[in-house]
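Have a look at the structure below, then the notes.
The values are calculated or read from the model by the stated rules, or taken from the named source; none is laboratory data. Since the structure is predicted, the reported quantities are computational estimates derived from the model, not experimental observations. Neighbour counts run over all protein chains shown; Cβ positions are idealised from the backbone, glycine included.
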Amino acid sequence: MAKARIDSLMKEALKVANDRWARSGVDKSKQIVTITNHNLKQAFKEAFSKAHQKEFPGMEIPFENPEAIYKQAAKEARTALLTHLANSRSKSDLSHKDGNKVVFTSDKTYRTPFTKMKKAGIKYINKELKKQGKPEMSEGQNQTVNMGMQRLHQKVTVGLARLTKVLDVLEGDKLIGSKFKESELMNTLQEKFGDVLADFEITKDSKGKESIRYTGQVAVLVQRKGKNFPGSEHGDWAKVSKFLEKELTKWLNSKEIAKIPGSKSIEEEAVEKATSVVMKNLTKAASIKALTRIPRAKSTPKKGDSKRKGKKPASAKKATAARVARVAKAKKSQVSNILRSIAIINKELPDTVRKNMQSPQLVNRTGRFADSVKITDVVQTPKGYPSIGYTYQRNPYGVFEDGGGSAPWANGERDPRKLIDRSIREIAANMAIGRFYTRRQ
């Protein structure tokens, strides 16, 4: 019964939260884009790879020194990008540049910076082909370059935008919502994706149409197409949906879900139905007579059941309003409690971080990283939960961050944010602090 309810809610959520809806929301959020020389070169190189030779019969790599050509094409693309960013009419702003990479920001995704790079690289390759008396790149090869230079979301992904809507529907359901919010499943999802989910916001326009946006910055890394496949990102829907399905199955098989209250709990109804079936089967034989009344199995409408009709009585409306007010007051109080506890948490934080610095995560050597970690503020998320902001010494330890760091240091195991989040939660657990999120300032 609970499974059918959740299946129905999931279908309802995903009707809205399809890939196009979620991608539109992520693309309309603020962006910070990183482009490296190596990734640009690989994107042009891929257009002439063996995999694409099948698309262009008889095609062979037309250069004596192809690596030099791809490298120069990348350089031309980088120059075109910087020229565009320097233009006063550009809607994107240069944030950082060095010999290896260019970083720019924009208030949403714009195609122009990427189009400029692709055209410049293709133009250079065609010039080199012409020098050798060979035909220019075909329309198909041009398309391969255009498709081959792709934007990979580093942390804030389309999959997590879809997950946000699914969780919003599950949390808002009157039958299972209260249990789901406080469940171990929700804690697991919070630990895995919480710092990202906290900054997604679902809004409605005047016609009631929903959209989603990320209130922070969406980090994007430009990569070749071969690096962008389903499941290649930590928050891809291919991975997220499998994880959610696995954890929901665990939750549905737990006693926690069976105890959801109503006129009768789901567990009680299951027992009653089973009793009814068994008793009826036993008394089918003519010589057997039931000594007790066979209970009539029926499903009692739970709170929020779609079959339940009629208006809520005034007393019920007042009770609902009072409950909402109590929840809002409790969340506000929780933020205030954490604010008062910042000094205590900061006192314990360096030692806790130092204790948790074990391989394959960052390993404590000088103590500078652990001593630099501190909580700076606590704010309320759009849903009313506390969000704890913290800082640490970004130079040099920021190179270990997934998505914003550099290889080989950023390898998925050493991200300082995971270590700090774990340490804050460890301290908070001893202080009876409820649900919250963390974010690096």
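Considering Ser106, Ser138, Ser90, the condition of being small (Gly, Ala, Ser) and either touching a Cys at 6+ places or on another chain (Cβ under 6 Å) or free of Cβ contacts under 8 Å to residues at least 24 places away in the same chain (or both) is satisfied by Ser90 alone.
Scanning the stretch 130-154 for residues that are farther than 30 Å from Trp237 by Cβ and surrounded by fewer than 16 Cβ atoms within 10 Å (Cβ to Cβ) gives Lys130, Lys131, Gln132, Gly133, Lys134, Pro135, Glu136, Ser138, Glu139. Quick check on Leu175: is it within 30 Å of Glu426 (Cα to Cα) and outside the structural domain of Leu40 (by TED's automatic domain parsing)? In short, no.
If we scan the stretch 178-201, do we find a residue that is over 23 Å from Ala4 (Cα atoms), part of a strand (DSSP E or B) and not assigned by TED's automatic domain parsing to the domain that holds Glu426? Yes: one or more hits. Quickly run through the stretch 101-118 and pick out the residues that are among the basic types (Lys, Arg) and surrounded by 16 or more Cβ atoms within 10 Å (Cβ to Cβ). Lys101, Lys116, Lys118 - these are the residues of the stretch 101-118 that are among the basic types (Lys, Arg) and surrounded by 16 or more Cβ atoms within 10 Å (Cβ to Cβ). Scanning the stretch 59-89 for residues that are of a type in the set (A, V, I, L, M) and in a helix (DSSP H, G or I) turns up Ala68, Ile69, Ala73, Ala74, Ala77, Ala80, Leu81, Leu82, Leu85, Ala86.
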